[in-house]
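What follows is one structure encoded as C-alpha cells, with my remarks underneath.
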Amino acid sequence: MFFFHKNSDLGDLTTYSPFSFTANTAGISEANFSCLRLGRICFVSGMMKPKIAGTPLSLGILSIKPVNGVFFHISAFDRVAGWGTFGTDGILSCNIATTMIGENCIVNFAYIAAD
C-alpha cells in the first residue's frame, strides 16, 4: 500500500484508467488492477489469474505510456511466477510459467509517464 501527502511540486495522487483489455487477454481468467498517478510517476498494482502459459502473453494497453520500457517480476505469493514488459507503445505483455496456470499472480511496478 502506498501512502502519500499533498506536495505542490508533485501534485495530487489520482487514479487513472487501468488497462484497455482487448481480445489479447484471452489467457487471463481474472484480473484486478489499480493504476495511480502522482505527477509523472505512475504506480500499477494488481492480481491476475492466467489460463495459459507462455511468452508473450499480451494483457492489454495502458492509457498512460512510459518514457522508457519497464521490466517487472510477476510473483505468486512465495515464488516468482514469471516476468513482464511494459513498452513505450503502452502494451503490457508477460511470460507465465506453466506451473502458474490458475494461480493468483501479483504484479507491482512503477514508471515515469511520457506526458
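The values are calculated or read from the model by the stated rules, or taken from the named source; none is laboratory data. As the structure is a computational prediction, the values presented were derived from the model and not from experiment. Every residue, glycine among them, receives a Cβ derived from its backbone with ideal geometry; neighbour counts consider all protein chains shown. Heads up: the accessible areas ignore ligands, DNA and RNA and are worked out on the full protein's heavy atoms, side chains in. Shrake-Rupley method; radii C 1.70, N 1.55, O 1.52, S 1.80 Å.
Work out from phi, with θ = phi - 60° and the Karplus expression 6.51 cos²θ - 1.76 cosθ + 1.60, the ³J(HN,Hα) of each residue of the range 64-71, listed in order in whole Hz, and give x for Gly and Pro.
These are the phi-based 3J(HN,Hα) values: 10, 7, x, 5, 10, x, 10, 10 Hz.
How far is it, in nm, from the label point at I52 to the one at N104 when both lie 7 Å from their Cα along the line to the Cβ?
2.6 nm
Using a probe of 1.4 angstrom, how much of the accessible area of the range 56-115 is carbon and sulfur, in percent?
Result for the range 56-115: 59 percent of the exposed heavy-atom area is carbon or sulfur.
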